[in-house]
1. More than 22 Å from R27 (Cα to Cα) and modelled with pLDDT of 95 or more: does that describe N122?
2. Please go through (1) out of contact with any strand residue (DSSP E or B) (no Cβ under 9 Å at 6 or more places or on another chain); (2) surrounded by fewer than 16 Cβ atoms within 10 Å (Cβ to Cβ); (3) farther than 24 Å from V84 by Cα for E250 and return the number of the only condition it doesn't satisfy.
3. How many of the residues in the stretch 71-87 are over 25 Å from the mean Cα position of the chain (by Cα) and within 30 Å of A142 (Cα to Cα)?
4. Are there any pairs with C-beta distances below 9 angstrom linking a residue in the stretch 216-229 that is closer than 20 Å to Q255 by Cα and of a type outside the set (V, I, T) to a residue that is at pLDDT below 95 and in a loop (DSSP other than H, G, I, E, B), with the two at least 6 apart or on different chains, and if so which?
5. What pairs come up if the first residue lies in the stretch 133-160 and is touching a residue at least 40 places away in the same chain (Cβ under 8 Å) and under 13 Å from A235 (Cβ atoms), the second is among the polar types (S, T, N, Q) and outside any helix (DSSP H, G or I), and their beta carbons are under 6 Å apart, counting only those six or more places apart or on different chains?
6. Please work out which residue is modelled with the lowest pLDDT, limiting yourself to the stretch 29-70 and to residues that are of a type in the set (D, E) and more than 25 Å from the chain's Cα centre (by Cα).
7. Kindly indicate whether L177 is touching a residue at least 60 places away in the same chain (Cβ under 8 Å), in a helix (DSSP H, G or I) and of a type in the set (A, V, I, L, M).
Amino acid sequence: MRLGIFMMPVHPLHRDPAHTLREDRNRIFAEAIDVILAIWERDPPYDIDLPGNRYKVSTRRTLMPEIGPGIMPKPYQKPRPEIVGTVVAPFSRGVVAMGERDFHPLSANFLLPHWLKTHWTNYAEGRAKAGARADTADWRVARTLFVADDDKVAASYGRHAADSPYRFYYHQIQTKLTRSKRHAVFKERLDQPDHEITPEFVLERLCIHGTVNKVVDQILRLREQVGDFGELVYAAMDWVDEKLARRSMELMAEQVMPRVNAAIAK
């Protein structure tokens, strides 16, 4: 299992124009990727006007090849770099489309573990529609992790302290998703009453914290519950205590993951 690092801003800002809030986000993502792929496939000047695509790109009037404007570099990877998309909702149909197009899924860190299997099932369905077999190496699972040398420190910084960045983050994301009616990610069943989804309920299930051995055990339990996946993505927070945050990443890379992979190998 690989380890990836993804920094989660504790104070995220969202300035989506009001007219886009009701749009199909999966479609917006796909249309943007289609334009990027079209740019990679051709030489400047670009005149890209794909059928049914809201994004139009042209550099014909602005092209200045002698100094560079209007020229977009092509990637070295052939036929293209790996494209990874975040998957949030349980039973997401967007991940089916990702599988059809050979995009790779990254399951969000604020999704309860028992919903993760739905992402893999739908991704495999999409790959099958494309006449291909899904490879678990292409599936990334993000989790909120904090590792410390001491259990009390881990519990305080990772969950209980009033200034815990993890507590702050989950308060933010829970408030936003509840307001937008997307808080099913925090539920153990879709019909679970909203009043049961308290901050403590969410933190208990979504913040993996502890000393090295405890975190190793929790990750292995997660894998037993979810099945195999290719990469565990460490969702880090803006730190309140730089020393603790850096130490957590060191322990994760140098001790937790080697032990996890050794256990998997057995």
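1. When the stated conditions are applied, N122 does not pass them.
2. If we test E250 against (1) out of contact with any strand residue (DSSP E or B) (no Cβ under 9 Å at 6 or more places or on another chain); (2) surrounded by fewer than 16 Cβ atoms within 10 Å (Cβ to Cβ); (3) farther than 24 Å from V84 by Cα, just (1) comes out false.
3. Keep residues of the stretch 71-87 that are over 25 Å from the mean Cα position of the chain (by Cα), which gives 71-74.
Filter once more, keeping what is within 30 Å of A142 (Cα to Cα): 74.
Of the residues in that region, 1 qualify.
4. As it stands, the answer is R223/M1; F229/M1, since those pairs meet every condition given.
5. These pairs meet every condition: V141/S107; A142/N109; R143/N109; T144/N109.
6. Of the residues in the stretch 29-70, the ones of a type in the set (D, E) are 31, 34, 41, 43, 47, 49, 66.
Still in the running and more than 25 Å from the chain's Cα centre (by Cα): 41, 43, 47, 49, 66.
Values: E41: 91, D43: 90, D47: 92, D49: 95, E66: 87.
The extreme case among them is E66.
7. So L177 fits the description; yes.
A quick yes/no check of all residues on (1) surrounded by fewer than 14 Cβ atoms within 10 Å (Cβ to Cβ); (2) farther than 17 Å from G85 by Cβ:
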site	(1), (2)
H119	no, no
A130	yes, no
D135	yes, no
V153	no, yes
S156	no, yes
R159	no, yes
D191	yes, yes
D194	yes, yes
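The values are calculated or read from the model by the stated rules, or taken from the named source; none is laboratory data. For clarity, every value in this text was computed on a predicted model and none was experimentally measured. Cβ sites come from the backbone with ideal geometry, for glycine too, and all protein chains shown count toward neighbours.
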